[in-house]
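Only one structure is covered here, and it is reproduced in the block below.
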Amino acid sequence: MTPQDEQPDLDRLRALETTGLLADPAPPEFAAICQTARERFGVAMALVTVVGEDRLVVKAAEGTDLREAPRLHQFCGHTVEGDEVLVVPDAREDPRFAANPLVRGRPFVRFYAGAPLHYVRHVRLGALCLLDPRPRDFPPEDRAELERMADSVAAAIVEREFDRLAASLAH
């Protein structure tokens, strides 16, 4: 890994520390967005995740009680590496994920779509993701809608940061 490859990870980890997203409760908007996404796309699960150094933390979820997982081999770990929606039509057929414990065991994930949570510039904190035990396609219009929903999650993060800054300046 080159220093250029490591920089987005370092920036993400600094931003997660600054925002407190790894430790603090999530803004209530996250749960509402998960519920809307699950219903809109007809999937078994919708999650908002943040990707730490070695773990993935679920900040809000609909359809699962998953709260944390090792980062290694996780879908969202791959999602934060790019700017586009990551779609895995059938995880059992994808060599990156076929051995993933969430694919091989409960909840038997086959389909994944995740939109990165863009914080600032090239910093992607995590993902708004959809999971389902059935393989499926995800057309461009669905990708665009998932990106818009992810932008709403990112906006809630920025708004929370603005409120925290305003409160600290008022004191």
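Which members of region 122-142 meet the condition of being touching a residue at least 12 places away in the same chain (Cβ under 8 Å) and surrounded by fewer than 16 Cβ atoms within 10 Å (Cβ to Cβ)?
Keep residues of region 122-142 that are touching a residue at least 12 places away in the same chain (Cβ under 8 Å), which gives 122-138, 142.
Residues satisfying the conditions are HIS122, PRO133, ARG134, PRO135, ASP137.
Among ASP90, ASP83, which is within 17 Å of ASP137 (Cα to Cα), surrounded by fewer than 20 Cβ atoms within 10 Å (Cβ to Cβ) and in contact (Cβ under 8 Å) with a residue 24 or more places away in the chain? Reasoning before the result, please.
Numbers: ASP83 fails: within 17 Å of ASP137 (Cα to Cα).
When all the criteria are applied, what remains is ASP90.
Which members of region 50-89 meet the condition of being in contact with a Ser or Thr (Cβ under 7 Å, 6 or more places away or on another chain) and either at pLDDT below 90 or of a type in the set (Val, Ile, Thr) (or both)?
Pass one, region 50-89, residues in contact with a Ser or Thr (Cβ under 7 Å, 6 or more places away or on another chain): 56-59, 76, 86.
Matches in region 50-89: LEU56, VAL57, VAL58, CYS76.
Are there any pairs with C-beta distances below 9 angstrom linking a residue in region 22-45 that is more than 18 Å from TYR112 (Cβ to Cβ) and hydrophobic (A, V, I, L, M, F, W, C) to a residue that is in a loop (DSSP other than H, G, I, E, B) and at pLDDT below 95, with the two at least 6 apart or on different chains, and if so which?
LEU22/GLY52
If I ask for residues that are in a loop (DSSP other than H, G, I, E, B) and at pLDDT 95 or above, which ones from region 120-137 would you list?
In the first step, residues of region 120-137 are kept if they are in a loop (DSSP other than H, G, I, E, B); the result is 120-123, 133-137.
Residues satisfying the conditions are PRO133, ARG134, PRO135, ARG136, ASP137.
Please enumerate the residues belonging to region 94-120 that are charged (D, E, K, R) and free of Cβ contacts under 8 Å to residues at least 12 places away in the same chain.
Of region 94-120, the ones charged (D, E, K, R) are 94, 96, 104, 106, 110.
Passing the criteria: ASP94, ARG104, ARG106.
The values are calculated or read from the model by the stated rules, or taken from the named source; none is laboratory data. What you see is a predicted model, and the numbers here were worked out from it, not measured in a lab. Note: ideal-geometry Cβ built from the backbone for every residue, glycine included; neighbour counts use all protein chains shown.
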